[in-house]
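As structure tokens, the structure follows; a few thoughts come after it.
The values are calculated or read from the model by the stated rules, or taken from the named source; none is laboratory data. Computed from a predicted model, the values in this text were never measured in an experiment. Here the Cβ positions follow ideal geometry from the backbone for every residue, glycine too, while neighbour counts run over all protein chains shown.
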Amino acid sequence: MRIARFVAGGGISWGVVEGPTEAGANPPFESLTVAAIKDHPMGPIEFTGDRFALTDVRLLAPILPSKVIAVGRNYAAHAAELGNDVPERPLIFLKPSTSVIGTQDVVRLPPDSDQVEHEAELALVIGRVAKDVPRERALDVVFGYTCANDVTARDQQRADVQFTRAKGYDSFCPIGPWIETSFDPSAVRVRCLVNDRTTQDGNTRDMIFDVPTIVSFMSHVMTLVPGDVILTGTPEGVGRIVDGDTVTVAIDGIGELVNPVRAKG
């Protein structure tokens, strides 16, 4: 089931996206509709009876997280391309909730960075309170999965020797277009395209730490609550984005997250 958050008729609603569901397919929006639901989607699903063509609504970030937790250097080839060692345990950091935007929202480039880069990632959304969860039960606390872009001011990351400023700007965490609740994260293709040119093309089977390991590890560090978003790391091929670019994160079986890039005015 694909859960979306959207604006139609001036109000914000949750809904279930309906349409083609072939394995691995990323269907065009023109073939999809969204059926509005009552209340929050992590509870019982009850439809309102309202239904819209997806092209007639504005999709928002599919969740407003209390926190965004990310994993660094979770693909060996990506660690190598930045000259970093492979970590012995998940290397985690936080992105502020104010960095979250949805598909088609604008990534704003800060004027004091000359090297902002894209990082295509599989993200997951926590569905219930989780603390000290064993690895074998970690997937039980996951509500669903979505696409993410861990936008990074690489020059500031190097200068600061930590991640907060470089990854924390408003608009530096696009997620979407929706949450897919029926999904196997173990071996899926993750791509990034900049102006239709493929820059990243990886697979989650190459993760150093898989999704159950990540969720369990994080739950032993901090309590995870419903709506928390976890970014699972990026494959090799990260690169600079500039004013006028359009960045697409495409994950087979989920869909495409598309964001224009603009200089901050």
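Couple of notes before you dig in:
- Restricting segment 229-263 to residues that are without any contact (Cβ under 8 Å) to a residue 60 or more places away in the chain and closer than 14 Å to Thr199 by Cα, the residue that is surrounded by the fewest Cβ atoms within 10 Å (Cβ to Cβ): Thr246
- Pairs are defined by a Cβ separation below 8 Å, a sequence spacing of at least 6 or placement on different chains, a first member in segment 61-78 that is more than 13 Å from Ile92 (Cα to Cα), and a second member that is assigned to a loop (DSSP other than H, G, I, E, B) and among the hydrophobic types (A, V, I, L, M, F, W, C); the pairs so defined are Ser66/Val225; Tyr75/Ile208; Ala76/Val86; Ala76/Ile208; His78/Val238.
- Segment 94-114 - residue that is crowded, with 16+ Cβ neighbours inside 10 Å and in contact with a helix residue (DSSP H, G or I) (Cβ under 7 Å, 6 or more places away or on another chain) and, of those, nearest to Ile214 (Cα to Cα): Lys95
- Counted residues, segment 73-111 - those being part of a loop (DSSP other than H, G, I, E, B) and among the basic types (Lys, Arg): 2
- The single condition among (1) farther than 20 Å from Thr181 by Cβ; (2) free of Cβ contacts under 8 Å to residues at least 40 places away in the same chain that Gly19 does not meet is (1).
- Pairs with Cβ under 7 Å, 6+ apart, first in segment 153-174 and at pLDDT 95 or above, second exposed (fewer than 14 other Cβ atoms within 10 Å of the Cβ): Asp155/Asp114; Ala166/Asp160; Asp170/Thr98; Ser171/Val106
Results for (1) among the small types (Gly, Ala, Ser); (2) within 23 Å of Pro20 (Cα to Cα); (3) outside the structural domain of Arg128 (by TED's automatic domain parsing), shown as yes or no for each residue.
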{"site": "Asn195", "(1), (2), (3)": "no, no, no"}
{"site": "Gln200", "(1), (2), (3)": "no, no, no"}
{"site": "Thr204", "(1), (2), (3)": "no, no, no"}
{"site": "Phe217", "(1), (2), (3)": "no, no, no"}
{"site": "Val238", "(1), (2), (3)": "no, no, no"}
{"site": "Val242", "(1), (2), (3)": "no, no, no"}
{"site": "Asp245", "(1), (2), (3)": "no, no, no"}
{"site": "Gly253", "(1), (2), (3)": "yes, yes, no"}
{"site": "Val258", "(1), (2), (3)": "no, yes, no"}
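- Of all the criteria given as (1) loosely packed, with under 14 Cβ neighbours inside 10 Å; (2) within 27 Å of Asp245 (Cα to Cα); (3) at pLDDT 95 or above; (4) of a type outside the set (S, T, N, Q), the one not satisfied by Arg5 is (1).
- Test: Ala53 is in contact with a strand residue (DSSP E or B) (Cβ under 6 Å, 6 or more places away or on another chain), without any contact (Cβ under 8 Å) to a residue 40 or more places away in the chain and not β-branched (Val, Ile, Thr): yes
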